[in-house]
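The values are calculated or read from the model by the stated rules, or taken from the named source; none is laboratory data. In this text the structure is predicted, and so the values were computed from the model without any measurement. No Cβ is skipped: glycine too gets one built from the backbone with ideal geometry, and neighbour counts run over all protein chains shown. These area figures cover heavy atoms from the full protein model, side chains too; ligands, DNA and RNA do not enter into them. Shrake-Rupley method; radii C 1.70, N 1.55, O 1.52, S 1.80 Å.
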Number of protein chains: 2
Amino acid sequence: MPALDLTVSSIDLTRQLCDIPSVSADEKRIADDIWATLEGCDHLELFQDGDAIVAKTNLGRAKRVVIAGHIDTVPINDNVPTRYETIDGVDYLWGRGTVDMKAGCAVALKLAVELTEPNVDITWVWYDHEEVSDALNGLGRLTREYPEMLASDFAILMEPSNSSVEGGCNGNLRAEIRTYGLRSHSARSWIGDNAIHKAAPILAKLAAYEARQVEVDGLVYREGLNAVGISGGVAGNVIPDECMVHINYRFAPSRSADEAVAHIHELFGEYDVTIVDLAQGARPGLDAPLAQEFLKAVGGEAKPKYGWTDVARFSGLGIPAVNYGPGDPMKAHADDERVALEQITECERGLRAWLTA
Amino acid sequence: MPALDLTVSSIDLTRQLCDIPSVSADEKRIADDIWATLEGCDHLELFQDGDAIVAKTNLGRAKRVVIAGHIDTVPINDNVPTRYETIDGVDYLWGRGTVDMKAGCAVALKLAVELTEPNVDITWVWYDHEEVSDALNGLGRLTREYPEMLASDFAILMEPSNSSVEGGCNGNLRAEIRTYGLRSHSARSWIGDNAIHKAAPILAKLAAYEARQVEVDGLVYREGLNAVGISGGVAGNVIPDECMVHINYRFAPSRSADEAVAHIHELFGEYDVTIVDLAQGARPGLDAPLAQEFLKAVGGEAKPKYGWTDVARFSGLGIPAVNYGPGDPMKAHADDERVALEQITECERGLRAWLTA
């Protein structure tokens, strides 16, 4: 008997999924439950790799679509089990994972089971380790090891986007910029050379930086360049010999990762710059015919996705991909994470309409 | 039987003292050994408070001098027991405490025992907890609780000064300067307000600051204003809402502590400034007749002391005080801490000459 009850609404199914704790690296139970639920579906071909599950229809349709969501969450902070609550007349499901992104996973799971004859072939994916390092990411693992399994004409990633379509994503670069000096006792500071003082022009440049707004395939992406950390100092009586400014550059998907690196070196070339994280963005891909049809079916206006998401992995495989899922991304990872119930229903309705039109 | 052998030279006695570990808060053994050594001296009146020991002559001399040294060290880093070594033809005693400041303590201990009839009355002080917080400082405790015990016309603090006289000391102020902003996800940085960027003008001001050189009682004190630490940042994807610059201001002894605070507020008045440490400097006091005689007896030219030392505590009691002790202060706290043997002998000779002239 399946551990999950699929006869209920996608709202109640979201709650069932959220009440199975699945912080990154602890996804086995929820993956097993999803597997058990899908096992009885004759219309699906199942595959499992680690705690990632792939379920494919093989109906010989002209087009194939990937619909994917991650099953892990950031750490629980006293916000599981979930509860229903109403705030200012809006009904919510409150708790860890409700937004990021078990509501999306529930909608996908319900549709995977119910849509035995969709009008496109579908490759459903539920994957692990999205909330941790790139090296562990389950979708990354599948794209590296089984790229043919993800072959498709279009992909939908069920990242929270208020159940509207958010195309592509900005690229993401982090770098450490270091200044150096010479230690001395601060009572004789003229013997030393203060590395923290040397960071002044770096901060001034960041403060004065005017971030671009770049139109890509009809969507306007807003960039950002910021210090996200700074550290330096040895002791209260020592002139510091090193200072590190940790910067984060979010760049439009029309700029390649290499171009982003070059831009940072152009700005801070006189310093010691170490790139510590680099992920290319993803163009929105809304010019693809399937994307246009999808957009029309679910309604509303497409917006750019500012944050980096796994859509870039599909983009890297040459597959146009968009974000589309229930929940306000501003509530992702928040201690008061909560999803408006109406968004879950709306997302299910949108997907169902498109897949059965 | 005394634990220390006082029949040897002040050099060998330094070694004995250094080989008794006495990192701050662990001074009991060395204090007990010093007490046991002094207990048999009929010419000394002894007093103990915690691990501070006071030994006074009461010869009815016209003048009284305090000669003080601290018996604690900074943590040992594989540099005890000590060893003798010769570098470039100079003989050294190597190891923790050799400079800061057991060579000075040894000279004082040897003279305390041997000089039964000095030409001034002497109050010898060996004290604890100099290397840690002001609140624990043994000399600070004595000045607060037994100020009459330290009453005198002149004080010599055996801080390492290459066995030359260093007058007074600069004042010392540390402050935390904070900037504030608003957190947001760094993918939507325009929603936030970057506190680290706001620190740019603070660092620029510090970098451009021209420190004064101020003549006080004939000695030129060099000031310094420096960042000694900086911190800020929440995570690699969060716009930081706070940044803290930790500054250290070393100010000439002609400037009062209140004036130093006012100067910092004048410079950084627009920011949130918290004074976290404040110690007034000490004027060199070399115009005092006893100081002049002392200077003449030990020879050489007096220099200003840049670092803050406990001479300021005597200064606070209205007692002129100088630093005079063996060892290069640049080697204090260093892992290769070492004292030139010749400086120990020179210091002993200088003090002995003055006290018996």
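Things worth noting here:
- Here chain A is treated with +1 on each Lys and Arg Cβ and -1 on each Asp and Glu Cβ, and its dipole about the Cα centre works out to around 800 debye.
- Residues in segment B:282-302 reached by a label modelled at A:I191 [backbone nitrogen below 19 Å; 7 Å Cα→Cβ]: B:301-302
- Inter-copy label distances for A:R61: 10.3 nm (label point placed 7 Å from Cα along Cα→Cβ; shortest first).
- Remark: label point of A:W190 defined 7 Å out from Cα along the Cα-Cβ vector; separations to the same position in other copies 4.9 nm, ascending.
- Comparing the full protein assembly with the isolated chain, the residues of segment B:234-250 losing at least 50 square angstrom of accessible surface (1.4 Å probe) are B:G236, B:R250.
- When only Cα pairs below 8 angstrom with a gap of at least 6 residues are kept, chain B shows a relative contact order of 23 percent.
- Global form of chain A, assessed from the alpha-carbon gyration tensor, a/c cut-off 1.5: prolate
- Placing R0 at 41 angstrom, the Cβ-Cβ distance between A:D26 and A:E148 gives a FRET efficiency of 0.90 after rounding to 0.05.
- Cα gyration tensor, segment B:274-354 - rounded (a/c under 1.5), prolate or oblate: oblate
- Dipole of segment A:93-230, positive direction: furthest Cα of A:L157, A:A108, A:A227, with charges on the beta-carbon: A:A227
- Net length gained if the chain between A:A3 and A:D258 were fully extended (0.36 nm per residue, minus Cα distance): 87.1 nm
- Dipole-positive endmost among A:V90, A:G69, A:P147 within segment A:57-163 (Cβ charges, Cα centre): A:P147
- Placing a label point 7 Å from Cα along the Cα-to-Cβ axis, B:D26 is separated from the same position in the other copies by 4.1 nm, shortest listed first.
- Per residue, in Å², the accessible surface of segment B:30-147 once ligands and nucleic acids are set aside, probe 1.4 Å: 37
- With Cα atoms, 0 to 90° folded angle of helix B:341-356 axis to chain B main axis: 60
- The dipole here belongs to the protein assembly as shown: it is taken about the Cα centre, uses +1 on the Cβ of Lys and Arg and -1 on the Cβ of Asp and Glu, and is about 1340 debye.
- Links that overshoot a 18 Å alpha carbon limit, given the list A:K198/B:K205; B:K28/B:K102; B:K102/B:K331; A:K198/B:K331; B:K305/B:K331: A:K198/B:K331
- ³J(HN,Hα) computed for each position of segment A:42-59 - Karplus, 6.51 cos²θ - 1.76 cosθ + 1.60, integer Hz, glycine/proline x: 5, 7, 10, 9, 9, 8, 10, 9, x, 9, 9, 10, 10, 10, 10, 8, 10, 9
- With every protein chain in place, chain A: carbon and sulfur % of accessible area (1.4 Å): 48
- Of all DSSP beta bridges in segment B:42-159, antiparallel share, percent nearest 5: 55
- Share antiparallel - DSSP beta bridges, the protein assembly as shown, percent rounded to 5: 75
- 3J(HN,Hα) couplings calculated from phi for segment A:186-194 with the Karplus curve 6.51 cos²θ - 1.76 cosθ + 1.60 (θ = phi - 60°) are, in sequence order, 6, 6, 10, 5, 5, 7, x, 8, 7 Hz; Gly and Pro show x.
- Per-peptide packing, taken as the mean over residues of other Cβ atoms within 10 Å, places A:302-310, A:18-26, A:346-354, A:133-141 in the sequence A:302-310, A:346-354, A:18-26, A:133-141 from highest down.
- Accessible area buried at the B-A interface, both sides summed, 1.4 Å probe (Å², nearest 100): 3200
- Paramagnetic label reach from A:V234 (point 7 Å along Cα→Cβ; backbone nitrogen cut-off under 20 Å): within segment B:160-201, residues B:160-161, B:172-175.
- Probe 1.4 Å, accessible area per residue of segment A:233-339, Å²: 40
- For segment A:165-225, with +1 on Lys and Arg beta carbons and -1 on Asp and Glu, the positive-most of A:V216, A:A175, A:H197 along the dipole: A:H197
- Axis of helix B:103-114 versus longest Cα principal axis of chain B: the two differ by about 30°, to the nearest ten degrees.
- Going from the chain on its own to the full set of protein chains, segment B:174-193 has these residues losing 50 Å² or more of accessible surface (heavy atoms, 1.4 Å probe, no ligands, DNA or RNA): B:A187, B:R188, B:W190.
- One Cα centroid belongs to segment B:85-142, the other to segment B:315-357; the line between them spans 8 Å.
- Helix-only CD estimate at 222 nm, as mean residue ellipticity for the protein assembly as shown, using -39500 (n - 2.57) per DSSP H run (n ≥ 4): -8000 deg cm²/dmol
- Angle between chain B longest axis and helix B:257-268 axis [Cα atoms, degrees, rounded to 10]: 20
- Of the residues making up segment A:195-222, those losing 40 Å² or more of accessible area when the isolated chain is joined by the remaining protein chains, with a 1.4 Å probe, are A:I196, A:H197, A:A200, A:L203, A:R222.
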